[in-house]
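Written below as structure tokens is the structure these notes are about.
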Amino acid sequence: MSKTVMIVEDNDLNMIVFDTFLQAQGHQTVQVRDGSEVLGEVCRTNPDLILLDIRLPGLSGFEVVSLLKSHLVLNSIPVIALTAYAMPGEKKKILESGFDGYLSKPVALHELVEAVDYHLSALNSFPMSAANLKATRLLAA
Ligand code: MN
């Protein structure tokens, strides 16, 4: 079943590489280039997974993940940081900020595939997206 991956990245070359590669893997993609547009685009396109750059115009990746993870329904969507920071302290900060994982740029494409497949695999047994699933749980509770 085809999954929708949102790519939030303000660098055009990175965006083209990630988008082309994920589409070649059979995924649908949604491109967002400004942090302040993420929440609205997530509600509009209902992605199964979000790849989120840290340094963005509008809102930073840290601010965006904070908004997503404090949201009652959207917090179930896996969010992977795309980061140029490779220091151990930054990795710790990223994971403590609510990200479900991180990829250091430049991203090796096999690492991108592994991370995306890993975070999507938890959703594979359900016919619904993560957000819909969470919403259904909330309605059933
Ligand atoms: Mn950036």
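No lab work stands behind these numbers, since they all come straight from the coordinates. Computed from a predicted model, the values in this text were never measured in an experiment. We place every Cβ from the backbone using ideal geometry, glycine too, and count neighbours over all the protein chains shown.
Annotations
- Theoretical FRET efficiency, 1/(1+(r/R0)^6), r = Cβ-Cβ of Glu96 and Ser36, R0 22 Å, to 0.05: 0.40
- Residue-wise HN-Hα coupling along the range 96-109, computed from phi with Karplus coefficients 6.51, -1.76, 1.60 (Hz; x: Gly, Pro): 6, 8, x, 5, 8, x, 8, 10, 8, 8, x, 7, 6, 5
- Local net charge near Leu82, Cβ-Cβ under 10 Å (Lys/Arg +1, Asp/Glu -1): 0
- Entries in Lys69/Lys91; Lys3/Lys91; Lys69/Lys105 that, when Cα-Cα distance is taken, lie over 21 Å: Lys3/Lys91; Lys69/Lys105
- Distance from the range 26-61 to the range 67-107 (C-alpha centre basis), Å: 13 Å
- Computed from backbone phi, the HN-Hα couplings of the range 29-39 come to 10, 10, 9, 10, 10, 10, x, 6, 9, 5, 4 Hz, rounded to whole numbers (Karplus: 6.51 cos²θ - 1.76 cosθ + 1.60, θ = phi - 60°; Gly and Pro given as x).
- 5 angstrom amide H check on Tyr102, placed H, neighbours 5+ away: Ala81
- Look at Val116, Val107 and count the other Cβ atoms within 10 Å of each Cβ; fewest to most, that gives Val107, Val116.
- Taken along the Cα-to-beta-carbon direction at a fixed 7 Å, the label points for Ser66 and Ser121 span 3.3 nm.
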